[in-house]
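Input: a single structure, listed below in structure tokens.
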Amino acid sequence: MALPLLGALYLLPRATGKLLAGFSPEFVGRADGLPSLTKTYGLTRLPNVVLAPALVYEAARNANVDVIDGYSTDGRIRAYNLRVLHDDRRVFPPYYAVPVVRPALLREHPELAPVLALLAGQISDSVMTNLNYRADYLHQSPQAIAEGFLRRRGLWRAPRPAVAGAPVVRLGSKIFAEQYILAEMYAALIRGNTGLAVQTKTGLGGTTICFEALRDGAIDMYPEYTGTGLLVLLQPTPAVVDSLGGRPDTVLHYVRTEFRRRYNLEWLAPLGFNNTYALLMRQQQAQQLSIASVSDLGQYLRH
């Protein structure tokens, strides 16, 4: 049961049943959001209100609602002491972060591939959540966050002296903190390990703008997500999506193969974290109710 979109938290009714959810309009409408979740887990006994995106996390923080949608590496998970419920039936597609590059860049500068590979598998969900928390809630700069992370991992090297006329690697990003941080990590690694110059074009816009900039050669590389590559850029038929089974390795293989074939673009090794849709609850409440997964939530609602 979905209630109308509400613009103020004080208007929220409390659930007549056990729990009340607050979801963003996009989550309610997307096939890989609430419809698929309800079908797979049978969450028909979870009444929900539709909230403006800016209010969803605040509603959970202030106990106006009990369950919300969010993203698994959002800094507010730490800031508001929320728990990510395990998607044990793999309803949500994997959104693993992967650098996407023009192959010409790697051919022209073979020294670059091992440098970019330094971040492969280095960033877990919890680590990325903490880095986002530093940006969004401690207001540290993406450059400082990136440098601190690289130092802690033993990957930091001081930038090499600039050389006039050195080839330039142009790094792009979308318009949110996580992408800014990743772009600064790659910029620091390139400056510290190669003689190449770096130009960062952060905050280009959304997925389509970054993707077209890469295809047109306006940028050489940007971080993308496997689920976005699959559902937004490739847009395969539902049958193809179902055949992939939500398995991270299978999705990455499909996306990598199709990007090579259609666009002559290369997906490198994943960074390690999965910034996917998630259901979230307040940590204390979830612990009290013994809810760690979406299946646990469904079982609780049925009893």
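The values are calculated or read from the model by the stated rules, or taken from the named source; none is laboratory data. Owing to the predicted nature of the structure, the values given are computational and were not obtained by experimental measurement. Note that we place each Cβ from the backbone using ideal geometry, even for glycine, and neighbour counts take in every protein chain shown. Surface areas here come from the heavy atoms of the whole protein model, side chains and all, with no ligands, DNA or RNA. Shrake-Rupley method; radii C 1.70, N 1.55, O 1.52, S 1.80 Å.
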Evaluate segment 94-103: report whether one residue or more is over 21 Å from F259 (Cα atoms) and touching a helix residue (DSSP H, G or I) at 6+ places or on another chain (Cβ under 9 Å). no
Can you tell me which residues in segment 112-160 are small (G, A, S), out of contact with any helix residue (DSSP H, G or I) (no Cβ under 9 Å at 6 or more places or on another chain) and in a loop (DSSP other than H, G, I, E, B)? A120, G121, S124, G154
Scan segment 133-147 for residues that are polar (S, T, N, Q) and touching a residue at least 24 places away in the same chain (Cβ under 8 Å) and jot them down. Q143
I need every pair where a residue in segment 284-303 that is touching a residue at least 12 places away in the same chain (Cβ under 8 Å) and over 11 Å from D87 (Cα atoms) has its Cβ under 9 Å from the Cβ of a residue that is open to solvent by 60 Å² or more (accessible area, probe 1.4 Å) and not in a helix (DSSP H, G or I), sequence separation at least 6 or different chains. Q284/N81; G298/R45; Y300/K18; Y300/S290; L301/K18; L301/T44; L301/R45; R302/R45
Say we look at segment 220-276 and pick out the residues that are touching a helix residue (DSSP H, G or I) at 6+ places or on another chain (Cβ under 6 Å) and without any contact (Cβ under 8 Å) to a residue 24 or more places away in the chain; which of these is nearest to V91 (Cα to Cα)? L244
The one condition G33 fails out of (1) open to solvent by less than 10 Å² (accessible area, probe 1.4 Å); (2) under 24 Å from the mean Cα position of the chain (by Cα); (3) at pLDDT 90 or above is (3)
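Look at segment 258-269 and say how many of its residues are surrounded by fewer than 17 Cβ atoms within 10 Å (Cβ to Cβ) and either assigned to a helix (DSSP H, G or I) or of a type in the set (A, V, I, L, M, F, W, C) (or both).
Start the filter on segment 258-269 by keeping residues that are surrounded by fewer than 17 Cβ atoms within 10 Å (Cβ to Cβ), which leaves 260-264, 269.
Then drop every residue that is not either assigned to a helix (DSSP H, G or I) or of a type in the set (A, V, I, L, M, F, W, C) (or both), which leaves 260-263, 269.
Residues meeting the conditions: 5.
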Kindly check whether there is at least one residue in segment 104-111 that is modelled with pLDDT of 95 or more and closer than 17 Å to Y180 by Cα. no
In segment 35-106, which strands (runs of 3 or more DSSP E) lie fully inside it and hold 1 or more residues that are under 19 Å from T129 (Cβ atoms), hydrophobic (A, V, I, L, M, F, W, C) and out of contact with any Leu (no Cβ under 8 Å at 6 or more places or on another chain)? none
Scanning segment 241-257 residue by residue, those open to solvent by 40 Å² or more (accessible area, probe 1.4 Å), among the β-branched types (V, I, T) and at pLDDT 95 or above turn out to be T257
Only one of G203, G227, G272 is open to solvent by less than 40 Å² (accessible area, probe 1.4 Å), part of a helix (DSSP H, G or I) and within 26 Å of T129 (Cβ to Cβ), namely G227
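Here is a list: R89, R102, R61. Which entry is surrounded by fewer than 21 Cβ atoms within 10 Å (Cβ to Cβ), of a type in the set (D, E, K, R) and over 26 Å from Y41 (Cβ atoms)?
Sole residue among the options that is surrounded by fewer than 21 Cβ atoms within 10 Å (Cβ to Cβ), of a type in the set (D, E, K, R) and over 26 Å from Y41 (Cβ atoms): R102.
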Keeping to segment 62-107, report how many residues are in contact (Cβ under 8 Å) with a residue 60 or more places away in the chain, farther than 28 Å from A269 by Cβ and not aliphatic (A, V, I, L, M). 6
Quick check on my filter: what residues within segment 275-303 are at pLDDT 95 or above, in a strand (DSSP E or B) and either over 20 Å from the mean Cα position of the chain (by Cα) or of a type in the set (F, W, Y) (or both)? R282
V67 fails exactly one of (1) crowded, with 20+ Cβ neighbours inside 10 Å; (2) modelled with pLDDT under 95, namely (2)
In segment 172-200, the residues that are in contact with a Lys or Arg (Cβ under 7 Å, 6 or more places away or on another chain), open to solvent by less than 60 Å² (accessible area, probe 1.4 Å) and either β-branched (V, I, T) or not in a helix (DSSP H, G or I) (or both): G172, G195, V198
Checking A177, A188, A213 in turn, the sole residue that is in contact with a Leu (Cβ under 9 Å, 6 or more places away or on another chain) and farther than 23 Å from A166 by Cα turns out to be A177
